[in-house]
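To start, the structure itself, in structure tokens.
The values are calculated or read from the model by the stated rules, or taken from the named source; none is laboratory data. All of these numbers come straight from a predicted model, not from anything done at the bench. All Cβ positions, glycine included, derive from the backbone under ideal geometry; neighbour counts span all protein chains shown.
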Amino acid sequence: MNEKIESITNSLIKLYSGGNSKSEIKFRKKLENIDWDEEQKKLKRNFDITKIALIVTLVSFIILFVIFAIGTIKHGQSQISTSSAIAVCGACITTSLGFKQNSERYQTFILLRDLLER
């Protein structure tokens with residue numbers, strides 16, 4: 001049973017560090033005297049900031065689409081540039097990927113904390 005817990009813990013540490021060996025080594029050293037509450041607050045803050053950024057970029061995308069629709073319907077032409085559309089779409093994609101990564105990292109941290117505190 002202890003081997004399974006250790007295996008799961010090692011997998012969670014690798015997942016938490018993103019598969020980066022340097023990050024993994026740093027985190028393992030940090031585990032010796034980690035303040036779980038402080039670390040969880042940092043991760044929660046990053047998660048919340050990413051959530052806000054995702055909302056802002058999605059609102060920007062909706063505004064861009066509305067401007068495009070109004071321009072097409074009223075004037076028969078679009079009022080946005082291609083570069084603006086590409087930039088907003090790229091921001092949406094990048095932010096959603098960051099949100100997913102932060103979400104998974106936060107969940108991994110919670111699981112790791114539960115395992116190591118028992």
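All of Thr94, Thr50, Thr72, Thr57 fail the test of being part of a helix (DSSP H, G or I), modelled with pLDDT under 80 and among the β-branched types (Val, Ile, Thr), apart from Thr72.
Within segment 1-43, if we keep just the residues that are assigned to a loop (DSSP other than H, G, I, E, B) and over 17 Å from the mean Cα position of the chain (by Cα), the residue that is surrounded by the fewest Cβ atoms within 10 Å (Cβ to Cβ) turns out to be Met1. I'm checking my understanding of the structure. Among residues of segment 97-116 that are among the basic types (Lys, Arg) and either modelled with pLDDT under 85 or surrounded by 15 or more Cβ atoms within 10 Å (Cβ to Cβ) (or both), which one is farthest from Ile52 (Cα to Cα)? So the residue we want is Arg113. Out of Arg28, Arg45, which single residue is under 17 Å from Glu104 (Cβ atoms), without any contact (Cβ under 8 Å) to a residue 40 or more places away in the chain and out of contact with any Pro (no Cβ under 7 Å at 6 or more places or on another chain)? Answer to the check: Arg45.
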